[in-house]
Ligand SMILES: Nc1ncnc2c1ncn2[C@@H]1O[C@H](COP(=O)(O)OP(=O)(O)OP(=O)(O)O)[C@@H](O)[C@H]1O
Ligand SMILES: [Mg+2]
């Protein structure tokens, strides 16, 4: 049988309750007995002393044990609760009021008798029960003297065998009945209360479980489900669990949507790229066929022209394939970074030198500000070079003849510096700015140069900077120019 948490809690508490009730009853019984014995002993404390004092037989020194036995019998008839013993100064029982076969010891320990007669410890004091090997009972005792010589003790068991038998018969019947009624009543009451309390407290847990089952059956898609809304600031652990569960479900759903979107995006990219590849490839095919065709005679000049076109198309294809490869590699996330410390201005001058042909051709004024910067940065130099080259290539392309490009190094604090690549070129329309980092996006200002550019440069740049734990920002005004900027980790000298 599989029990729910609710049932398990109820059963556990029931068991605990039964144990508590039992301990309580045992303890109450013990307390009641102790109180009873204390009052009985207190009541009969001077019984033995009075008997010893008033009885001539004992007054004289109790030499006639048979007469004493007869006296004890008479006294027992009058007080059946008592048991009378006369012991010598060593505790050896000399005579008693009991049937001899019932006597199980021939001597008793005198220590409690001395304690009682000298009022040494608080009541109840227990003495040996001669009718039992180890049992103790409350008693009354008095020393018996002959003249000034101690000849023994009168030892009276106050709650004798008959007393106990009579008491137990009455008491156990009445008490057992009362106990049973009380126990059953209390248990039923507690059980009902417990069921209510547990039902109330386990309700959120059941709701959470229900939600989880619903979600599992819906394939973890929460869109069509009305799930419980949990209290975020509650101190109730189940609510906290519910909030965490809610967040987890939201995250799963978000990631799922993202995955779907990126899948759609990837398909579109693949379709675009196939198209981009097909155009130069079919052009290549056409020209190669013409060069290879033996039937048509072409002049050496035309052949050279065709070969140049083929070469240009091949380079364009290689560029595109390289970019696709780079982007896929970056998106795959298995890129290793090699951080080193270097002078940023030096890197900028190196990259500028690479583009000197283009800048000269357009007579662009390109400079680093401050021109002799000593700012040291810690980054992956190869990746940073790719980033700056992409941005500079764009800037040069979108800057008119005699334009201006500035590479500004700005020190923010001891750990950060900013690189700004600013041009006074065509600028980008405000509504297009948020799309320029998307793969394959080319803004309306894109200069049409026979499909040479595919709109992958900024997407690659952004990915590279993400890997370098930086974020690229863009500001642009149409007709006035564009400014790309990002932070780098500065290394203090
Ligand atoms: N400095 C700039 N000035 C004006 N427009 C820019 C500038 N940089 C980028 N753009 C715009 O953003 C678009 C996206 O740039 P991106 O570098 O991603 O593609 P691309 O340069 O067209 O192609 P690719 O980099 O793949 O050769 C460009 O097509 C262009 O319209
Ligand atoms: Mg580009």
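From the list 431, 410, the lone residue that is part of a helix (DSSP H, G or I) and not assigned by TED's automatic domain parsing to the domain that holds residue 264 is 431. Inside segment 21-57, residues that are surrounded by 11 or more Cβ atoms within 10 Å (Cβ to Cβ) and within 30 Å of residue 195 (Cα to Cα) make up a count of 5.
If you go through segment 363-382 and keep only what is within 16 Å of ligand 1 (Cβ to nearest atom) and either closer than 19 Å to residue 473 by Cβ or touching a helix residue (DSSP H, G or I) at 6+ places or on another chain (Cβ under 7 Å) (or both), you end up with 364, 366. For segment 115-164, filtering for residues that are part of a helix (DSSP H, G or I) and in contact (Cβ under 8 Å) with a residue 12 or more places away in the chain leaves 5.
Taking the numbered list (1) surrounded by 15 or more Cβ atoms within 10 Å (Cβ to Cβ); (2) in the same structural domain as residue 13 (by TED's automatic domain parsing) in turn, residue 211 passes all entries but (2). Does residue 424 fit the bill of being surrounded by fewer than 17 Cβ atoms within 10 Å (Cβ to Cβ), more than 8 Å from ligand 1 (Cβ to nearest atom) and outside the structural domain of residue 278 (by TED's automatic domain parsing)? So residue 424 does not fit the description; no.
Yes or no: segment 437-447 includes at least one residue that is in contact with a strand residue (DSSP E or B) (Cβ under 9 Å, 6 or more places away or on another chain), in a loop (DSSP other than H, G, I, E, B) and either under 28 Å from residue 262 (Cα atoms) or free of Cβ contacts under 8 Å to residues at least 12 places away in the same chain (or both). For segment 437-447, residues in contact with a strand residue (DSSP E or B) (Cβ under 9 Å, 6 or more places away or on another chain), in a loop (DSSP other than H, G, I, E, B) and either under 28 Å from residue 262 (Cα atoms) or free of Cβ contacts under 8 Å to residues at least 12 places away in the same chain (or both): present. Residue 348 meets the conditions (1) assigned to a helix (DSSP H, G or I); (2) modelled with pLDDT under 95 in every case but one. The failed one is (2). Out of 463, 475, 418, 404, one residue alone is away from ligand 2 (no atom under 13 Å from the Cβ), in contact with a helix residue (DSSP H, G or I) (Cβ under 6 Å, 6 or more places away or on another chain) and either in contact (Cβ under 8 Å) with a residue 40 or more places away in the chain or farther than 30 Å from residue 266 by Cβ (or both). It is 463. When segment 384-398 is filtered for residues that are touching a residue at least 60 places away in the same chain (Cβ under 8 Å) and over 50 Å from the mean Cα position of the chain (by Cα), the ones remaining, listed by number, are 393, 394, 395, 398.
The values are calculated or read from the model by the stated rules, or taken from the named source; none is laboratory data. The model shown is predicted, which means the values in this text are computed figures rather than measured ones. Methodologically, a virtual Cβ is constructed for each residue, glycine included, from the backbone with ideal geometry; neighbour enumeration extends over all protein chains shown.
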